[in-house]
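Asks: Have a look at the structure that comes next, please.
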């Protein structure tokens, strides 16, 4: 009877005792003190994953870009603005991580230099902004000598499956969750989402539902694959 | 006695019966369906002005970029994303406007083209983004053949007075309110602000206070100068 209870309890809290790190939200890349480059990530999917991971018994670290969401109860939140700051925050804390979930929409590029003063509008009709590549947070985590179980996200507007599977292989991830952000009802800032999930030997679809429900389903899958690894 | 009461009432509702249009918040300029250029404007000063203008008896139209604020009670809000959309929204509604307040932080430039699909990260270490000039909303309003009383804002990080006075003359504004956004306590997203206000024949300082209080003081000044014009 005790064994049964423990099994049932473990089933309900599938990440009990594990350290889970989740990145969420957009990053902002400063052009000058006033202007920046960013993207439409609301952080809702990442925050739902953080809440679901706490519920599943994990010790959760949430590394978040600027969003208008409160941190889920019971998780440690680290707030950052830029991709470089997110890279640093993740790198400093990755050692004890069992499962890493890169849900943030990290800016691939940043302005090559951030002006210290607001750039004045000139008479020029055109302006060119030189961008340089940001560090690859997800790729660097997966390339560690002892990497955690690594789940990436692919937010695409076309050829979703192809891009997602390429990212899975190319970055040596354990799993990738893809969503089509061109669809209004499941796109950025929506409370609903649907995911196609791929790993080396399989795939599954998680149909449209609210993001917290979806997060719980995704974490059950992660927990199962983590234990197989 | 009646005359006294009317004078007192007019003093308390100094914009009674006037049509006031206020722009607020940032604009977002799309790079592709996921990424955009924007700025740190929270919209708080513009929304405070809209509320204060309603209190002062005006019919208020608030043309607002994406912010996380509710529209003040009693004003009509038009939500836009880009500078071009803001320009259109203002142009369509400007004819009956008595007082125009350009408080939005309009992006001076936008990407020369918006990609229909998310731009894929390439192997290239550098990327250049070509930007083209956006329409000058405030300048176009002030340049109308029968312009409303026009108040602009100058958010600067240095040489604040010089830039503000240049903008006042250059754009043929009736008044300009300047604030130094390099100061943390009165900068973007702060609930406090301080303004230096300039017009052709004078200037005044409105010391640091909450944005609603400041908005009320600024509108008293606007009402006085509007009546002198």
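The values are calculated or read from the model by the stated rules, or taken from the named source; none is laboratory data. Every value quoted in this text rests on a predicted model; they were computed, and no experiment measured them. With ideal geometry, Cβ positions are generated from the backbone for all residues, glycine too; neighbour counts draw on all protein chains shown.
Asks: Could you figure out which of (1) touching a residue at least 24 places away in the same chain (Cβ under 8 Å); (2) within 30 Å of residue A:15 (Cα to Cα) isn't true of residue A:95?
Replies: Of everything listed in (1) touching a residue at least 24 places away in the same chain (Cβ under 8 Å); (2) within 30 Å of residue A:15 (Cα to Cα), residue A:95 misses just condition (1).
Asks: Please verify whether residue B:101 is crowded, with 24+ Cβ neighbours inside 10 Å and under 15 Å from residue B:150 (Cα atoms), treating the condition exactly as stated.
Replies: Against the criterion (crowded, with 24+ Cβ neighbours inside 10 Å and under 15 Å from residue B:150 (Cα atoms)), residue B:101 qualifies.
Asks: Quick check: is even one residue across segment B:154-164 more than 9 Å from chain A (Cβ to nearest Cβ) and buried (at least 22 other Cβ atoms within 10 Å of the Cβ)?
Replies: Among the residues of segment B:154-164, at least one is more than 9 Å from chain A (Cβ to nearest Cβ) and buried (at least 22 other Cβ atoms within 10 Å of the Cβ), which makes the answer yes.
Asks: Related question: Within the bounds of segment B:122-131, is there any residue that is surrounded by 14 or more Cβ atoms within 10 Å (Cβ to Cβ), within 26 Å of the chain's Cα centre (by Cα) and within 9 Å of chain A (Cβ to nearest Cβ)? It would help to see each step written out before you state the result.
Replies: First pass over segment B:122-131, keeping only residues surrounded by 14 or more Cβ atoms within 10 Å (Cβ to Cβ): B:127, B:129, B:131.
Narrowing the set further to residues that are within 26 Å of the chain's Cα centre (by Cα) leaves B:131.
Pick out the ones that are also within 9 Å of chain A (Cβ to nearest Cβ) and you get B:131.
Checking segment B:122-131: at least one residue is surrounded by 14 or more Cβ atoms within 10 Å (Cβ to Cβ), within 26 Å of the chain's Cα centre (by Cα) and within 9 Å of chain A (Cβ to nearest Cβ).
Asks: Any residue at all in segment A:219-227 that's surrounded by fewer than 19 Cβ atoms within 10 Å (Cβ to Cβ) and modelled with pLDDT under 95?
Replies: Looking through segment A:219-227, at least one residue is surrounded by fewer than 19 Cβ atoms within 10 Å (Cβ to Cβ) and modelled with pLDDT under 95.
Asks: Out of all the residues in segment A:139-150, is one or more within 14 Å of chain B (Cβ to nearest Cβ) and in a strand (DSSP E or B)? Walk me through how you get there before you give the answer.
Replies: Step one: filter segment A:139-150 for residues within 14 Å of chain B (Cβ to nearest Cβ), giving A:139.
From the residues that got through so far, the ones that are in a strand (DSSP E or B) too are none.
No - not one qualifying residue is present in segment A:139-150.
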